[in-house]
Amino acid sequence: MKIASKYIGLITGILMVAASLILFYPLHLPVTGSNQYIILSLLTMGVLVSLVLYSKQPHENTPTFKDYFTEGFKTFIVVVLIMAIYTFVFYKFNTQILETAIKESNELIIKQGDKTPAEIEANAQKLRSIFMPMMITVTTIKFLIIGALVSVVGAGFLSQKK
């Protein structure tokens, strides 16, 4: 039975979103921190499942490193897209995260004592303007790097199998 890697990516992305929501809402864990290893583990497992299932399928020729990496890529690129959309929606609905970060930043600036109230407000506005693009970029790059690394390592091992 052949399961397309994009569907494995879709399932993995949905599981990652569900885990993120469970960690944040019922468990009240912060958005960042060591709890994110759970999310990264789901990505790793999704890509590896895709590669292993691909290796179990019948092939005319022995799959190469490129073939395995392509399967991993098809999986993690779907996950990255889902997580980028999720990140956007999540932070739009949870504006308190941004406001808390701005409040903490303002408190640090006030403690330094070298900024005027106008400069502090300008800094807060700057943080508001870059927050969403920054969060989406960080999320996208993080998942792209992890997905690519897992695909490369998995493809390396599986393509050596005789």
Of residues in segment 62-76 being of a type in the set (Ser, Thr, Tyr) and farther than 14 Å from Thr44 by Cα, the one farthest from the chain's Cα centre (by Cα): Thr62
Verdict on Gly156 being loosely packed, with under 13 Cβ neighbours inside 10 Å, small (Gly, Ala, Ser) and assigned to a helix (DSSP H, G or I): yes
Condition broken by Thr95, with the remaining ones in (1) modelled with pLDDT under 95; (2) among the polar types (S, T, N, Q); (3) touching a helix residue (DSSP H, G or I) at 6+ places or on another chain (Cβ under 9 Å) satisfied: (3)
Residue in segment 104-135 that is farthest from the chain's Cα centre (by Cα), counting only those that are modelled with pLDDT of 90 or more and among the polar types (S, T, N, Q): Gln125
Failed item, numbered, when Ala101 is tested on (1) modelled with pLDDT under 95; (2) within 24 Å of Gly9 (Cβ to Cβ): (2)
One residue from Met83, Met45 being at pLDDT 95 or above, assigned to a helix (DSSP H, G or I) and open to solvent by 60 Å² or more (accessible area, probe 1.4 Å): Met45
First in segment 1-30 and touching a residue at least 40 places away in the same chain (Cβ under 8 Å), second anywhere and among the charged types (D, E, K, R), Cβ under 7 Å, 6 or more apart: Ser5/Glu71; Ser5/Lys74; Lys6/Lys74; Gly9/Lys74
Filter result (outside any loop (DSSP other than H, G, I, E, B) and surrounded by 14 or more Cβ atoms within 10 Å (Cβ to Cβ)) within segment 53-64: Leu53, Tyr54, Ser55
Selection within segment 86-107 - over 22 Å from Asn123 (Cβ atoms) and either open to solvent by less than 30 Å² (accessible area, probe 1.4 Å) or touching an Asp or Glu at 6+ places or on another chain (Cβ under 6 Å) (or both): Thr87, Phe90
Failed criterion for Thr32 (all others in (1) closer than 23 Å to Thr140 by Cβ; (2) open to solvent by less than 60 Å² (accessible area, probe 1.4 Å); (3) at pLDDT below 90 hold): (2)
Some residue of segment 129-137 being open to solvent by less than 90 Å² (accessible area, probe 1.4 Å) and of a type in the set (S, T, N, Q): yes
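The values are calculated or read from the model by the stated rules, or taken from the named source; none is laboratory data. No experiment lies behind these values; they were computed from the predicted model shown. No Cβ is skipped: glycine too gets one built from the backbone with ideal geometry, and neighbour counts run over all protein chains shown. Just so you know, the surface numbers come from the protein's heavy atoms only, side chains and all, with ligands and any DNA or RNA stripped out. Shrake-Rupley method; radii C 1.70, N 1.55, O 1.52, S 1.80 Å.
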